[in-house]
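Novice: The structure that follows is given in the form of C-alpha cells.
The values are calculated or read from the model by the stated rules, or taken from the named source; none is laboratory data. Only a predicted model underlies this, so the values are computations on that prediction, with no experimental measurement involved. FYI the Cβ positions are ideal-geometry reconstructions off the backbone, even for glycines, and counts take in every protein chain you see. All accessible areas refer to the heavy atoms of the entire protein, side chains included, with ligands and DNA or RNA removed. Shrake-Rupley method; radii C 1.70, N 1.55, O 1.52, S 1.80 Å.
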Amino acid sequence: MKIKTTLLENAYAFLNNSLYFYHLATHEDYPEEYKRYWMFSLVDIVQAMELMFKEVLRRENEFFIYENIDKPDKTVSISKALHRLKNILRIELNQSDEIKIKQAIELRNKIVHFESELDIKECSRIYAILFEFLQSFHYRFLGEELHDKISPEYWEEEALLIEQFKNEFVLYNGIKVPKHYPIEFVESQLITSLKNIDGKEFKRIKFGDEQSQYDVYKQSHCGDCGVKEGYYHVLGCDLEICPKCGGQMISCSCNLDENFIIQEE
C-alpha cells in the first residue's frame, strides 16, 4: 500500500498538528510540563510554512523548488525558498514579519539540531505572528482562505490567535469581520439546544434551515451575524429564528436564550 500526498496536503497536516500542540501548551487546565509542547508546535508551524513557500514556487515553475535546477533532486531549504520568493517571484514581505520568520526558522533549527531553552512569552508572540502571516500569505498567494483548511476541532485555537492579530478586521468564512468575531462564532456552534423555564429543550435552527419566504434567509451568509449557511447563528443575532414559536428569537417572549445549555453534537 502506498500513500501519495501533495505539498499542500502535507502543509495542512503539519499546521493542524501544530495547533494540536499549541492547544496542549497553552490550555490553562493542563499540567505545567505540557509547556514543553511549545517546541513541537513551533517546529510544525515552520514546517507548514516551508511547504507553503515551496508550493508557491512550484506553481510558478516546478524547478524552483529544487536546490539545483539542473539536477531536480534535493528541494530547497526554507531560507532558500524565502530568498527565491523575494528575489525571483518579487513577493513583498513586511520587514517585521521577515525578521520574525527568520527568528522562527532559527528557533526551529535549534530545537531540531541543538539543545534549546524556550522563553514561553517569546514563543507565544512568535507563534501568533507566524499564524497571522500564514493566513495572509495563504490567501494572497495560494488563493484560498486558510480557515477552510483547519480542522474544526482547532477552530477555538485559531480564533484565540486571530484575536492577537495586528489588523482589527480579518477574513473569516468568506467575509471581513472584527477580529473578536471568530471566538464568538466558535462558542455559538457549541450551543446546539436551548431550554425554556420548564426545562424543555428546543433544538436551535441553523442559518439556511429557516422556513421563510424572505430572501434574507436565502443568502450565503447571515445579514446580521455573518455565519455561513449550515452553521448556528452567533448568539444575540437579530435574524435567528426561535425554535419554539418561530418568531424572531431576540424579540420573542420565549426567553430561551436566558436558560441555554451547552450540548455538543
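Novice: Can you tally the net charge around Ile78? Count Lys and Arg as +1, Asp and Glu as -1, for every other residue whose Cβ sits under 9 Å from the Cβ of Ile78.
Specialist: +2
Novice: Carbon-plus-sulfur fraction of the accessible area of the chain, 1.4 Å probe, in percent?
Specialist: 48 percent
Novice: Let me ask something additional. Nearest 10 degrees is fine. How inclined is helix 95-113 to the longest principal axis of the chain, computing both from alpha carbons?
Specialist: Roughly 70 degrees, rounded to the nearest 10.
Novice: Also: How tilted is helix 181-190 with respect to the longest principal axis of the chain? Cα atoms for both, answer in degrees (0 to 90, nearest 10).
Specialist: Approximately 60 degrees, to the nearest ten.
Novice: Okay, moving on. Can you check what the net charge comes to around Ile65, using other residues whose Cβ is under 15 Å from the Cβ of Ile65 (Lys, Arg +1; Asp, Glu -1)?
Specialist: On the way: positive: Lys54, Arg58, Arg59, Lys71, Lys74, Lys80, Arg84; negative: Glu50, Glu55, Glu60, Glu62, Glu67, Asp70, Asp73.
Around Ile65, the surrounding residues sum to 0.
Novice: Compute the longest continuous run of the chain that contains no exposed trypsin sites (Lys or Arg not before Pro); treat a site as exposed when its DSSP state is not H, G, I, E or B and it has at most 14 other Cβ atoms within 10 Å.
Specialist: 91-165
Novice: Among Ile91, Ile101, Ile162, which one shows the biggest mean-square fluctuation in a GNM of the chain, springs joining Cα atoms closer than 10 Å?
Specialist: Ile91
Novice: Can I ask one more? Given q = 0.21 Å⁻¹, what are the Debye log10 I(q)/I(0) values for region 1-64, with equal point scatterers placed on the Cα positions and solvent ignored?
Specialist: Ignoring solvent entirely, the Cα scatterers give -0.80.
Novice: Using +1 at the Cβ of each Lys and Arg and -1 at the Cβ of each Asp and Glu in the chain, identify which of His221, Ile205, Ala104 lies farthest towards the dipole's positive end.
Specialist: Ala104
Novice: Heavy-atom accessible area per residue, the chain, 1.4 Å probe: how many Å²?
Specialist: In whole numbers, the chain has 57 Å² accessible per residue.
Novice: Which of the lysines could a cross-linker bridge to Lys195, judged by Cα under 25 Å and excluding same-chain residues fewer than eight apart?
Specialist: Straight-distance partners of Lys195: Lys203, Lys206, Lys228, Lys244.
Novice: If you average over every viewing direction, what projected area does the convex hull of the Cα atoms of the chain give, in nm²?
Specialist: For the Cα atoms of the chain, the hull's average projected area reads 18.9 nm².
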